[in-house]
């Protein structure tokens, strides 16, 4: 994904396909899924979670760590953020809290942190609002599709419903990125109208991913320096994932139990 393509409005499905092709040999071929998938016997002792479940959850942790890092740097470093309307700033701050909550929930099952804690982005990721929002929508599309893999492949109803519940929040975040775009100030290149409208999906996109390895491969350029360089990302500016204790904005939205 090159800078000029982002500024013209990237075709997000094409980007994710290219990213998957770039990263397929780096994480999946290299067996990195085994980093966070202990033996089946050990998984059963934790309550019947299968090795396949742990692979999906481990990939989701990488995605959530990337999401937290992305929102953190939008809030802390992107010039356009401070000029957004107060409610839009609040929505982005809430999204950061939600993504961190997802990460910690998943870690209660995997018992491991994300194997990737340094991330890379396209050039101008946090300095150019158009690039920021286009990449954010791209990532949220990928997160939605990844959780739909969980809905399809998790071994228990509890895990499938939880994946669907998280996927719904990722869809909220994608819509947020689109709605924020027209509110970008003129001095930051706004208003931005080229981000897809929030109502252009009758159904969430699966991106034709039926296995979690597809999601891992698509996200690899964000997590692996070699793949990032091949994808044309800026590898001179690594961004660290800094976990924290989240506070969700509404108690009713807390994860009380698998029952809701």
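The values are calculated or read from the model by the stated rules, or taken from the named source; none is laboratory data. Keep in mind that this is a model prediction, so the values were computed, not measured. Ideal geometry is used to build each Cβ from the backbone, glycine not excepted, and the neighbour counts take in all protein chains shown.
Can you say whether residue 171 is surrounded by fewer than 22 Cβ atoms within 10 Å (Cβ to Cβ), in a helix (DSSP H, G or I) and in contact with a helix residue (DSSP H, G or I) (Cβ under 8 Å, 6 or more places away or on another chain), as far as the supplied structure shows? Against the criterion (surrounded by fewer than 22 Cβ atoms within 10 Å (Cβ to Cβ), in a helix (DSSP H, G or I) and in contact with a helix residue (DSSP H, G or I) (Cβ under 8 Å, 6 or more places away or on another chain)), residue 171 qualifies.
Report the residue count in region 117-147 for those that are outside any helix (DSSP H, G or I) and closer than 25 Å to residue 168 by Cβ. Don't jump to the end; show me each part of the working.
So the first thing to find is which residues in region 117-147 are outside any helix (DSSP H, G or I), and the list is 117-128.
Checking which are closer than 25 Å to residue 168 by Cβ leaves us with 119.
So the answer is 1.
Residue 211 meets all of the listed conditions (1) under 20 Å from residue 67 (Cα atoms); (2) at pLDDT 95 or above; (3) out of contact with any helix residue (DSSP H, G or I) (no Cβ under 6 Å at 6 or more places or on another chain) but one, namely (1). Comparison of 208, 237, 214 shows that the only residue that is free of Cβ contacts under 8 Å to residues at least 40 places away in the same chain and either assigned to a helix (DSSP H, G or I) or surrounded by fewer than 22 Cβ atoms within 10 Å (Cβ to Cβ) (or both) is 208.
Going by the structure shown, is residue 246 over 18 Å from residue 140 (Cα atoms), modelled with pLDDT under 95 and loosely packed, with under 13 Cβ neighbours inside 10 Å? Break it down into steps so the answer makes sense when it comes.
Details: over 18 Å from residue 140 (Cα atoms): yes; modelled with pLDDT under 95: yes; loosely packed, with under 13 Cβ neighbours inside 10 Å: no.
Here the answer is no, as residue 246 does not meet what is asked.
Count of region 52-76 residues, restricted to those that are under 23 Å from residue 130 (Cα atoms) and out of contact with any strand residue (DSSP E or B) (no Cβ under 9 Å at 6 or more places or on another chain), is 8.
Residue 252 falls short on exactly one of the conditions (1) at pLDDT below 95; (2) over 27 Å from residue 181 (Cβ atoms); (3) assigned to a loop (DSSP other than H, G, I, E, B), and that condition is (3). In region 180-201, the qualifying residues are those that are in a helix (DSSP H, G or I) and surrounded by 14 or more Cβ atoms within 10 Å (Cβ to Cβ), and the one that is farthest from the chain's Cα centre (by Cα) is 188.
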